[in-house]
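Derivation of every value follows stated rules applied to the coordinates shown; laboratory data play no part. All values derive from a computational prediction rather than experimental measurement. Using ideal geometry, Cβ is built from the backbone for each residue, glycine included, and neighbour counts are taken over all protein chains shown.
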Amino acid sequence: MGELAVPAIQVRDIHLAYSGVPVLKGLTLEIPRGGITALLGTNGAGKSTLFNVATGFARSYSGEVFIGDQVATGWSPQRVFRAGVARVFQDVRLYRSLTVRENLVVALRHAGRHASTKSSRDTIDAALERVVMSDYAEQRASDLSFGQQKRVALARAIVTQPSVLLLDEPSAGLDPAAVARFSDMIRAARDDGMTVWIIEHNRDVVSDLADRVAFLADHKIIAEGPTADIVGDEYLARLYLGDRIEETVTGGTTSGT
């Protein structure tokens with residue numbers, strides 16, 4: 001089997017519950033290598049929980065996780081990271097007291113690379129240039145706007161040159177112009193050979209970015225396929241948009257999915 005035929009990430013028959021309440025129930029999904037896959041779903045369906053399973057942040061589950069052809073079930077987040085899977089959280093999770101450059105230095109060290117070498121410094125400079133943050137390299141992360149912090153979080157992920165990049169709601173909290181710029185940065189990561197897997201609530205962003213979409217509801221994947229087929233499905237649109245309408249009426253948010 002060729003390398004491209006082996007999925008970048010696979011989760012098989014994942015069961016996970018919190019306090020006896022099912023969150024994922026028999027969930028199976030393959031993320032093909034290359035391109036951009038989006039994960040859509042109803043509010044509270046377990047999308048971020050699935051990311052937690054794939055990246056080692058959720059440990060109390062049954063089922064199997066694979067990174068490429070490696071069995072990654074039960075791996076720690078650090079081991080997943082060193083296997084080439086980088087994640088950008090919705091709440092960015094930067095080291096706020098460190099400078100922008102220092103945040104990237106820490107990422108390289110966690111990846112097992114010596115950040116003091118010239119090649120590593122060049123890699124950091126290239127990552128900052130990629131996200132248009134070179135001019136802010138010596139500023140503390142706490143002094144940046146939220147949009148700038150999101151770009152630094154992306155740079156912190158791509159500086160380690162991962163094979164797989166996970167982004168949790170990359171458009172959240174950004175104005176339309178910033179969303180367009182961030183989308184360009186995600187495409188650039190894909191063009192650099194990274195497999196990109198995103199959770200995204202903005203259907204326009206999904207339609208613009210993703211090659212494939214998986215739809216999560218009722219604790220499992222209920223549909224997957226080319227983006228146009230899934231986004232254009234009338235039943236899924238009613239299910240998804242109905243959930244979003246209810247959130248608007250009740251004043252809920254999607255930040256905890």
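Picking from G56, G20, G44, which is most flexible by a Gaussian network model of the chain using Cα springs under 10 Å? Looking only at G56, G20, G44, the largest GNM fluctuation is found for G20.
Extension gain, T28-R187: 0.36 nm per intervening residue step, less the Cα-Cα distance, totals 54.6 nm.
Taking the number of Cβ atoms within 10 Å of each Cβ as an exposure proxy, the fewest-first ranking of V85, V65, V106 is V106, V65, V85.
Judged by the gyration tensor of its Cα atoms, with axes a ≥ b ≥ c, segment 87-153 is prolate; a/c meets the 1.5 cut and a/b is the larger of a/b and b/c. Out of Y95, S142, G112, whose Cα points farthest toward the positive end of the dipole of segment 94-161 (charges: +1 Lys, Arg; -1 Asp, Glu; placed on Cβ)? Of the options given, the answer is G112.
May I have the count of lysine pairs in the chain with C-alpha atoms under 26 Å apart, counting pairs 8 or more residues apart or located on different chains? Before the final figure, lay out the partial values.
Working: K25/K47; K25/K220; K47/K150; K47/K220; K118/K150.
So the count of such lysine pairs works out to 5.
Between the amide H of R87 and those of L166, distances stay under 5 Å, these residues lying 5 or more places away or on another chain, with hydrogens modeled in the peptide plane. Residues whose amide H comes within less than 5 Å of that of G41, counting only those at least five positions distant or on another chain, are L216 (H built at 1.01 Å from N in the peptide plane).
In loop segments of segment 71-178 as defined by DSSP, the GluC sites (Glu not before Pro) with at most 15 further C-beta atoms inside 10 Å of their C-beta are E138. The dipole here belongs to segment 94-161: it is taken about the Cα centre, uses +1 on the Cβ of Lys and Arg and -1 on the Cβ of Asp and Glu, and is about 240 debye. Within the listed set S145, S183, S76, the residue fluctuating most in the Gaussian network model of the chain (springs between alpha-carbon atoms under 10 angstrom) is S145.
Report the local net charge at V80: Lys and Arg +1, Asp and Glu -1, summed over other residues whose C-beta lies under 13 Å from its C-beta.
Here the count lands on +4.
Spin-label model, D218 to L98: label points 7 Å out along the Cα-to-beta-carbon direction sit 4.5 nm apart.
Overall, the anisotropy analysis places segment 95-200 in the oblate class: the square-rooted eigenvalues a ≥ b ≥ c of its C-alpha gyration tensor yield a/c not less than 1.5, with a/b not exceeding b/c. Under the simplified labelling scheme, the S145-K118 pair shows an inter-label distance of 3.7 nm, with each label point 7 Å from Cα along Cα→Cβ. Note on segment 21-89: dipole from Cβ charges, positive end direction compared against T28, L40, A86; the farthest Cα belongs to A86. Segment 1-60 and segment 184-219 have Cα centres spaced 14 Å apart.
Each helix, a run of at least 4 DSSP H residues, gives -39500 (n - 2.57); summed and divided by the residues of the chain, these come to -11500 deg cm²/dmol at 222 nm. Only Lys, Arg, Asp and Glu carry charge here, each on its Cβ (+1 for the first two, -1 for the last two); on that basis the chain has a dipole of about 980 debye about its Cα centre. Each Lys or Arg adds one and each Asp or Glu subtracts one; over the other residues with Cβ under 10 Å from the Cβ of R101, this totals -2. Taking other Cβ atoms within 10 Å as a rough exposure proxy, K25, K150 sort from fewest to most as K25, K150.
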